[in-house]
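Comments concern the structure below.
The values are calculated or read from the model by the stated rules, or taken from the named source; none is laboratory data. Predicted model, so just to flag it, every value in this text is computed and none were measured. Counting neighbours? That spans all protein chains shown, and the Cβs are built from the backbone with ideal geometry, glycine included.
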Amino acid sequence: MAGGFIEKGSSEKNYPGKLTFRVFITCVTAAFGGLIFGYDLGISGGVTSMDPFLKKFFPDVYAKEHNIKPTDNQYCKFDSQVLTLFTSSLYLAALVASIFASKVTRAFGRRLTMISGGVLFLAGAALNGFAQQVWMLIVGRMLLGFGIGCANQSVPIYVSEVAPYKYRGALNMLFQLAITIGIFVANILNYLFAKMENGEGWRYSLGLAGVPAIMIIIGAMFLPDSPNSLIERGQAEKAKEELIKIRGTDDVDEEFKDLVAASEASKQVKHPWSSLLKSEYRPHLTMAIAIPFFQQLTGMNVITFYAPVLFKTIGFGGTASLMSAMITGGCNALATLVSIFTVDKVGRRKLFLEGGAQMFICQLVIAAAIGSKFGTDGNPGVLPKWFALTVVVFICIYVAGFAWSWGPLGWLVPSEIFPLEVRSAAQSVNVSVNMIFTFAIAQVFTAMLCHMKFGLFIFFAFFVIVMSIFIYKFLPETKGVPIEEISLVWENHPYWNKFVKSSAQKNKIAAPDSQV
Ligand code: BGC
């Protein structure tokens, strides 16, 4: 199998250290950053399907939805760029923030970036919850976006650095688990608040985003900075003390020495952004762009953002739609657990490939089911029970496939494959590309559904094939490789080895002996 070579143990390092309570608590707290992100991903779709919200802020959309006749084309009933802008604008703000967050993480540490993210997020949630006019909604969404940009830039890196390498995959996936729990909680709350008789339920849905924000602010205040980050900022002594505490053993000399060496090598790189363009970082840059791009092209966010809208389009009532969104949200969170328990055993590549096959099959079944009932004119007649059941079941299997592959791995793999010297910059590229395409899917989904009809699912199925081939051919396995040794996977890769510098060349530049 292409790329399976690293499993033979091309890394000889075996740093001592156990999964200490400190590490575990650290990772759990850091993962609250994922809760913030998830809550927001999941909340907007339900809110935009609530009539009182639409009537107050988007009266044209409300009128359009309610004036459509059952014999009209159902594919187009939610086609509104204003409505999708409410969901998508946040991801543009997140894009901008993730670029600045890279500078903040490098200069002040991952922890401070997390705290800043939490504060911005709290302000955004308050503005949204008390919104009286559309501008308050938009400014609130932008603040939320800035917060997400900060958290997504810092959390995955922080967890990867603090976790002992043997458990890095599973611990890092707590971030994705937190995302899915955030989405699921948002789905449940939307379902409950939509029932409020005074029509103000949307305020609670939007305002409660402040709760995970408070959790991350408090949590991050007590977190230690990662040893890598302390070394990067010239606090070697403190870094060693921290490493001893995190690993639960005094025997950290070898790991510490390697961390210092990696940091010294990274200082040679004065301009991480332009360095990323050098050919030696070609595999890293390619992955930082391709992985988030493909993650969004799975089409998962059509479900995350618009499940209630999608279910309403294909004939479900308002309550049934919010209920079905809750079911798919639950599948998403549960299936993420599978990934957590298997990723460090079966490895990243197998999960990517299995998840891809599962999503592909489901997308074809969903396209066939919707196509057979709605055809191209979007006029389904009476919908039988089997139809609703088939769509919900296959959407759940599809969501599960994503939840144990591209969902968590889309964040884990980029966080562990970059060398320290370009890690912050490359992670910013990763988050930015993710946000650009999250924005794009959020913005164009209703128009795509209106024009491509059931073919939309075939469109995403095509991309799932392309991304699976990409993983098969180009992604090396990173299971069980210490983060300081990660350059080996590229040196040993049959395609990428011509781009990267060998360790021997790097050591020559860094001259680590004089530093320790
Ligand atoms: C993705 C999000 C997606 C979520 C769904 C995350 O990994 O980045 O775009 O909404 O998974 O669970």
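Structure notes:
- Number of positions in segment 185-228 that are crowded, with 24+ Cβ neighbours inside 10 Å and of a type outside the set (Gly, Ala, Ser): 8
- Residues satisfying the criterion are present in segment 412-423 (criterion: modelled with pLDDT under 90, surrounded by fewer than 24 Cβ atoms within 10 Å (Cβ to Cβ), part of a helix (DSSP H, G or I) and within 15 Å of the ligand (Cβ to nearest atom)).
- Residues satisfying the stated conditions in segment 349-372, i.e. modelled with pLDDT under 95, surrounded by 22 or more Cβ atoms within 10 Å (Cβ to Cβ) and not aliphatic (A, V, I, L, M): none
- In this entry, residue 198 is excluded by the filter for residues that are closer than 30 Å to residue 132 by Cα and within 16 Å of the ligand (Cβ to nearest atom).
- Subset of segment 451-476 [modelled with pLDDT under 95 and surrounded by fewer than 19 Cβ atoms within 10 Å (Cβ to Cβ)]: 451, 452, 455
- Residues of segment 100-138 that turn out to be β-branched (Val, Ile, Thr) and touching a Gly at 6+ places or on another chain (Cβ under 8 Å), as a count: 1
To keep it simple, each residue is scored yes or no on (1) in a helix (DSSP H, G or I); (2) within 28 Å of residue 57 (Cα to Cα); (3) within 16 Å of the ligand (Cβ to nearest atom).
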| residue | (1), (2), (3) |
| --- | --- |
| 112 | yes, no, no |
| 122 | yes, yes, no |
| 152 | yes, no, yes |
| 161 | yes, no, no |
| 167 | yes, no, no |
| 188 | yes, yes, yes |
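- Some residue of segment 242-260 being at pLDDT below 90, within 16 Å of the ligand (Cβ to nearest atom) and part of a helix (DSSP H, G or I): no
- Residue pairs meeting the criteria (Cβ under 8 Å; at least 6 apart or on separate chains; first over 18 Å from residue 288 (Cα atoms), in segment 471-486; second outside any loop (DSSP other than H, G, I, E, B) and of a type in the set (Ser, Thr, Tyr)): 480/165; 481/165; 482/165
- Selected residue (criterion: nearest to the ligand (Cβ to nearest atom)) from residues of segment 457-478 that are within 30 Å of residue 373 (Cβ to Cβ) and either small (Gly, Ala, Ser) or out of contact with any Phe, Trp or Tyr (no Cβ under 8 Å at 6 or more places or on another chain) (or both): 460
- The residue list 323, 287 contains one member that is of a type in the set (A, V, I, L, M, F, W, C) and within 16 Å of the ligand (Cβ to nearest atom), which is 287.
- Count of segment 241-268 residues which are crowded, with 21+ Cβ neighbours inside 10 Å and free of Cβ contacts under 8 Å to residues at least 24 places away in the same chain: 2
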